[in-house]
Amino acid sequence: MSAKKRKVLLVIGRGFDIRTLETARRLHALDADISVWQLVFDNGLGDSPKRSELTATNHEGLLKLVPAEKIVAVPIEIGGPVGAAVTPRNTKASLDRAGDCRDFDDVIVDISAMPRMVALTAVSVLLFKLDKLAEAKGPSVNLHVTTSESVSADLGAAKGSLRDSVTFVLGFSGHLEEQTTQNWPRVWFPVLGEGQRDRLHLIQDHVNPDEICPVIPFPTRKPRRGDEVVGEHRDTLFDDFKVEPANILLASEYNPFEAYRQIFTAMERYKKALKPMGGCKLFVSPLSSKLLSIGVLLACYDHKFGKSSSEGFDVGIPYVETAVYGDPEQNAEAADFELHSLWIRGEWEEPIPAAASAAVTAAT
């Protein structure tokens, strides 16, 4: 008798990126039972003809992979007034209205075509929701995150202008404005990629950190990428921010769980070292690849909600959103992207039943 087909929810962005459908194609090839929540972004501005055409082409491609009746459009308003956390709040509200995750065996969030703030908020909201569902003795739904990584495709999609204010991922404010802890030292971990000079200055002005620990991608697929990232931001880091070279951290570009460990451990050291002063405020800005950004998010999530977290401890994730996207300069034929999949919660967390544990013990 064949096994029951698993019910899969794919959360995907409706966007122009050439990598938008890679996860959907893989699932279709596996003949998976797929339902889709398609996040439809609206920044209040019209798209250019080129972006509109690419977005429409990707949507038509999705309809060839998944029946239209199994696709739910989830509108999300992004941007908004200066200083307003519109994007993260609206992302959570839209996901809450979209449906019930407990109806599925696996939830897969493909962040390849999502704006960074939407992607991080969506993953953290769904992770928290599914964790709480399992804690309440509900079903343990698997949560996966996928992304098609390519530095060249990232740079080709990054054309545009930035907003002039800093936004925090929902639930990760770091208690920046809390008056009772204003004297606590502030430590900032900017996780660097290419072309982040303007974002660095905006976040530094807003957070006003006492110590800065830049995180450089290393090892990387391109051997000298880490050196090139440091070289590009040398004036900002060492002349403007007065960063001590000893404060530079390294995080694996292609292993987000290793990056998680490195960043989590560094944050833990600061928490312990500054505890005699009452505490500290930690901030982490994901300015590198989306794969590294998930490692950053998981490190912050576990510091706030994990079993080893300090009660009431909050970590800040400040970021500067893109205001207006330019036309992408991506070459589908030349793009060397690779699909990564992260299984971040679910069945693997469940304890082994006593009978199975006894059988394993007896067998060994």
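Assuming 0.692 mPa s and 37 °C, estimate D for segment 21-83 with Stokes-Einstein, Rh taken as the Kirkwood radius over Cα pairs, in µm²/s.
Details: Rh = 13.4 Å.
Estimated diffusion coefficient is 245 µm²/s.
Of all DSSP beta bridges in the chain, what percent run antiparallel (nearest 5)?
In the chain, DSSP labels about 25 percent of beta bridges as antiparallel.
Round to a whole number: what % of the accessible area of the chain belongs to carbon and sulfur, probe 1.4 Å?
Values: 9230 of 17310 Å².
After summing per-atom areas, the C and S share lands at 53 percent.
By average Cβ neighbour count within 10 Å, what is the ranking of 201-209, 62-70 from highest down? The partial results should precede the final answer.
Values: 201-209: 16.6, 62-70: 12.9.
By packing density, highest mean first, the sequence is 201-209, 62-70.
Quickly work out the residue 227-to-residue 273 label distance, labels modelled 7 Å from Cα along the C-beta direction, and quote it in nm with one decimal.
2.8
What's the center-to-center distance, using Cα atoms, between segment 111-152 and segment 271-296 in Å?
Here the two parts' Cα centres lie 20 Å apart.
Say the dipole of the chain comes from +1 at the beta carbon of Lys and Arg and -1 at that of Asp and Glu; which of 322, 161, 108 then lies farthest toward its positive end?
Projecting each Cα onto the dipole axis, the largest value belongs to 108.
Bin width 10 Å, origin at 0, all Cα-Cα pairs of the chain: what percent of pairs per bin?
Distribution as computed: 5, 23, 33, 25, 11, 3, 0 percent.
Among 247, 127, 284, whose Cα sits farthest toward the positive end of the charge dipole of the chain (+1 at Cβ of Lys/Arg, -1 at Cβ of Asp/Glu, about the Cα centre)?
Farthest along the dipole direction, towards plus: 127.
How many percent of the alpha carbon pairs in segment 89-145 exceed a separation of 13 Å?
Details: 958 of 1596 pairs.
Summing the P(r) of segment 89-145 above 13 Å gives 60 percent of all pairs.
On the first, second and third principal axes, largest extent first, how far apart are the outermost C-alpha atoms of segment 171-271 in Å?
46, 30, 25
In Å², and per residue, what accessible area does the chain have when probed at 1.4 Å with the other protein chains present? Provide the component values of the computation, followed by the final result.
Numbers: 17310 Å² over 364 residues.
Per residue, the chain has 48 Å² of solvent-accessible surface.
Can you work out the FRET efficiency for the pair residue 72 and residue 255, with r the C-beta to C-beta distance and R0 = 30 Å, to the nearest 0.05? Intermediate values should be presented prior to the final figure.
Working: r = 33 Å, r/R0 = 1.11.
Using R0 = 30 Å, I get an efficiency of 0.35.
Starting from the Cα of residue 271, draw a straight line to each of the lysines and keep only those under 17 Å, dropping any in the same chain fewer than 8 residues away.
281, 304, 307
Could you tell me the largest-minus-smallest coordinate of the C-alpha atoms of segment 1-105 on each of the three principal axes, in descending order and whole angstroms?
58, 32, 20
Under 20 Å from a point 7 Å along the Cα-to-Cβ line of residue 161: which residues of segment 185-220 have their amide N that close?
Inside the label zone: 195-203.
Highest mean first, what order results for 248-254, 264-270 on Cβ atoms within 10 Å? Mind showing how you got there, number by number?
Numbers: 248-254: 19.1, 264-270: 16.9.
Result, highest mean first: 248-254, 264-270.
At 222 nm, what value in deg cm²/dmol follows for the chain if DSSP H runs of at least 4 each add -39500 (n - 2.57) and the sum is divided by all its residues, to the nearest 500? Write down the numbers at each step before the final one.
On the way: 10 runs with 128 residues, N = 364.
Here the helix-only value at 222 nm equals -11000 deg cm²/dmol.
Can you tell me the length gained on complete extension of the stretch residue 240 to residue 31, counting 0.36 nm per residue apart and subtracting the Cα distance?
69.9 nm
Where the centre of each part is set by its Cα atoms, how far does segment 177-256 sit from segment 1-65, in angstrom?
About 33 Å separates the Cα centre of segment 177-256 from the one of segment 1-65.
How big is the convex hull of the Cα atoms of segment 127-235, per residue, in Å³? Let's see the in-between values first.
Details: hull volume 18.9 nm³, N = 109.
With only Cα atoms used, segment 127-235 gives 174 Å³ per residue.
What accessible area, in Å² to the nearest ten, does a 1.4 Å probe give for residue 60?
Counting only protein heavy atoms, residue 60 exposes about 110 Å² to solvent.
The values are calculated or read from the model by the stated rules, or taken from the named source; none is laboratory data. In this text, all values refer to a predicted model and were calculated from it rather than measured experimentally. Note: ideal-geometry Cβ built from the backbone for every residue, glycine included; neighbour counts use all protein chains shown. For accessibility, only protein heavy atoms count, side chains too; no ligands or nucleic acids. Shrake-Rupley method; radii C 1.70, N 1.55, O 1.52, S 1.80 Å.
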